[in-house]
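Participant: Let me begin by handing over the structure; questions about it come next.
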Amino acid sequence: MVISWLKVPEEEALPEGVRELFARFREKTGFVPNVARAFALSPRFLLWFRYYDALMRGEGLLSREEREAMAVAISGENRCEYCVASHKRYLKDLTGDGVLPEVLAANPRRAEMPQRMRALVEFALKVTHQHHAMTEEDLVPLREAGLSDEAILEAAEVAAMFNFTNRLLNALGIKPNPEYYA
């Protein structure tokens, strides 16, 4: 199966650090995500992955569910097939809710969610579509939802990460693993 419009390196040819990361993926999930296989073409892959992993899976001021909700909403808006499939799956696994990820991907403005998550998703959508028009007033709903400036910075990082990653994956035609749909 073709997973990218670029060549995907053979695992045996990859640096030791990348092969070790692939082994950890297999141990944890049973498969290597196609994004990791495709990005392994660049030696900078490990730098991107470390940042992504710390931001999305590390300790933070936003819950994992909030970060994943932002990822799904942004990825749906950007029509990133890979990130919609993978992050809908992660959000469903985290919440046990099969409806929220679907609605967030299709029309996040109609999704039922707590006020704090709603404020984060609306912020993420503004970063996605009108980042150039943002003002300090755009932070008010986040502060009203109880977010500190540090948490707002984290939210901006998540929004920026997914806008960057969606565009990169779409530009290279990276396909989601079938496991995300299982």
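Participant: Among the candidates Val103, Val72, single out the residue that is without any contact (Cβ under 8 Å) to a residue 40 or more places away in the chain, open to solvent by 10 Å² or more (accessible area, probe 1.4 Å), assigned by the TED database to the domain that holds Thr165 and assigned to a helix (DSSP H, G or I).
Facilitator: Val103
Participant: List every residue pair whose Cβ atoms lie under 6 Å apart, where the two residues are 6 or more positions apart in sequence or sit on different chains, the first residue falls within region 157-182 and is open to solvent by 60 Å² or more (accessible area, probe 1.4 Å), and the second residue, located anywhere, is not in a helix (DSSP H, G or I).
Facilitator: Matching pairs, first to second residue: Asn170/Cys80; Lys175/Ile3; Glu179/Phe31.
Participant: Going by the conditions given, is Glu150 open to solvent by 80 Å² or more (accessible area, probe 1.4 Å) and not in a helix (DSSP H, G or I)?
Facilitator: no
Participant: A further question on this structure: Name, by its number, the condition in (1) open to solvent by less than 90 Å² (accessible area, probe 1.4 Å); (2) modelled with pLDDT under 95; (3) of a type outside the set (Gly, Ala, Ser) that does not hold for Arg44.
Facilitator: All conditions are met except number (1).
Participant: So Gly60 fits all but one of (1) out of contact with any Ser or Thr (no Cβ under 9 Å at 6 or more places or on another chain); (2) open to solvent by less than 50 Å² (accessible area, probe 1.4 Å); (3) of a type in the set (Gly, Ala, Ser); (4) in a helix (DSSP H, G or I); what number is the exception?
Facilitator: (4)
The values are calculated or read from the model by the stated rules, or taken from the named source; none is laboratory data. Predicted model, so just to flag it, every value in this text is computed and none were measured. Counting neighbours? That spans all protein chains shown, and the Cβs are built from the backbone with ideal geometry, glycine included. Ligands, DNA and RNA are stripped out before the accessible areas are found, and what is left, the full protein with its side chains, is counted by its heavy atoms. Shrake-Rupley method; radii C 1.70, N 1.55, O 1.52, S 1.80 Å.
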